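K.L.:
Dropping a structure here in structure tokens format, bear with me for questions.
Nothing in this text is a laboratory measurement; each read-out follows from the coordinates by a stated rule. For clarity, every value in this text was computed on a predicted model and none was experimentally measured. Using ideal geometry, Cβ is built from the backbone for each residue, glycine included, and neighbour counts are taken over all protein chains shown.
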Amino acid sequence: MSGTKSPNQPDPTIPAPSIPFELGLYSFGERTPDVQTGLTVSPQQRIADLLEEIELADQLGLDVYGIGEHHRPDYTVSAPAMVLAAAAARTSTIRLTSAVTVLGTEDPVRVWQAFSTLDLISGGRAEIMAGRGSFSESFPIFIGGMPRDYDELFAEKLDLLLNLRDSERVSWSGKYRPGLQNVGIYPRPAQAEMPIWLAVGGTPASAVRAGQLGLPLALAIIGGLPEQFKGFTDLYRASAAEAGRDPAALRLGINSHGYIAATSQAARDESFPAHAQAMYAIGKERGWSKMTRAQFDASSTLRGAYFVGDPEQVAEKILYQHQIFDHNRFLMQMSVGTLPHAQIMKSIELYGTRVAPLVRSEVARRQGSQGRKQEAIPV
């Protein structure tokens, strides 16, 4: 019938509800030699420092903390849910997420059970950020090597994870894992629907998949010009719309490297040596050349990928990208390379006390302005 809207399509005459803008942090629990002293802290001390960082972020009112999964000597965390559970006992409001869970080498049932348990411990603050992973070290450990069709494997495991989220009792079959026949999977989380984000680093097919499934998308931008990534977010929203989903209801996050100090010069001077060392350790495995100070400084400017600077500069950059992507979550990885714990704690303090108020105030103003424009549309 002419003029009839599908029940799955948004009504353009009704303003979409504003999604609060969230600010947070993520870490892989890096454990590399301090570039100034040459010393490496023990794994026990690094975990203790990490828990203090999460606790401070919670006290400052930051919204999210993510812990990534790695299986190599320069990172401490191979079991994010364990660290997040310890953090849950020391925090009260901050949301706790993986960043990321390498789903291709995980059993989705065990992932779901671990994060459901985390959700119960935290009182409903757990999230899963599922991704393909940027390293391959987990594949020989858990499945004997890289599969021939990794995309098929990932899609199948994501499908099972979503089935586990949607139903207490699951009937499911696949190619890479034994099937389930009306099996109850426990415990169930405290949240009615625990968020499952899809993390991507620049693969268009992943953006399409997230949009089609209506999943929150976490886009990593750690190099290049931010506007070069707008095509991915446009593709994400267009794919959602084509699937009959409301693009305005989607949750989009940007994940990037950063560090904050009292002055821009101090931020760059303090963070560059450790950052360059860590990125070269990763990059030499992939044929990257060593980062120069000029390249680092250029990437720390407004149109670069790094959020390195004083609080006002970092806030300005978050808001600059908000104009490009209209995202509703920003997560910063401060500890790309090893910096003294006291410096990281100070950087988190500046993030929570000076950056966050500036960003939240301006985003709220922008959302209010958009709402007024929507209300003025004749219906």
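K.L.:
Can you compute the FRET efficiency between ARG303 and ALA48 using 1/(1 + (r/R0)^6), with r the Cβ-Cβ distance and R0 = 56 Å? Round to the nearest 0.05.
P.N.:
Computed FRET efficiency for ARG303 and ALA48 comes out at 0.90.
K.L.:
Please work out which option in (1) 20.9, 73; (2) 23.4, 99; (3) 37.7, 158 gives Rg and Dmax of the Cα atoms in Å calculated from these coordinates, and answer with its label.
P.N.:
Matching the structure shown: (1).
K.L.:
Let me ask another. Can you grab the distance from the C-alpha centre of segment 42-65 to the C-alpha centre of segment 166-240, Å, no decimals?
P.N.:
Cα centres, segment 42-65 to segment 166-240: 26 Å.
K.L.:
Top mean-square fluctuation among PRO226, PRO147, PRO311, Gaussian network model of the chain, C-alpha springs under 10 Å?
P.N.:
Answer for the Gaussian network model of the chain: PRO147.
K.L.:
Would you mind ranking THR338, THR117 by Cβ crowding within 10 Å, fewest neighbours first?
P.N.:
So the ranking, lowest neighbour count to highest, is THR117, THR338.
K.L.:
Hey, another quick one. Relative contact order, percent, of segment 22-372 when contacts are C-alpha pairs under 8 Å separated by at least 6 residues?
P.N.:
18 percent
K.L.:
Quick one: if you stick a label point 7 Å off each Cα along the C-beta vector at ARG365 and ALA243, how many nm between them?
P.N.:
The answer from the label model is 3.6 nm.
K.L.:
What FRET efficiency comes out for the pair ASP151/GLN212, r = Cβ-Cβ distance, R0 = 22 Å, nearest 0.05?
P.N.:
My answer for the efficiency is 0.95.
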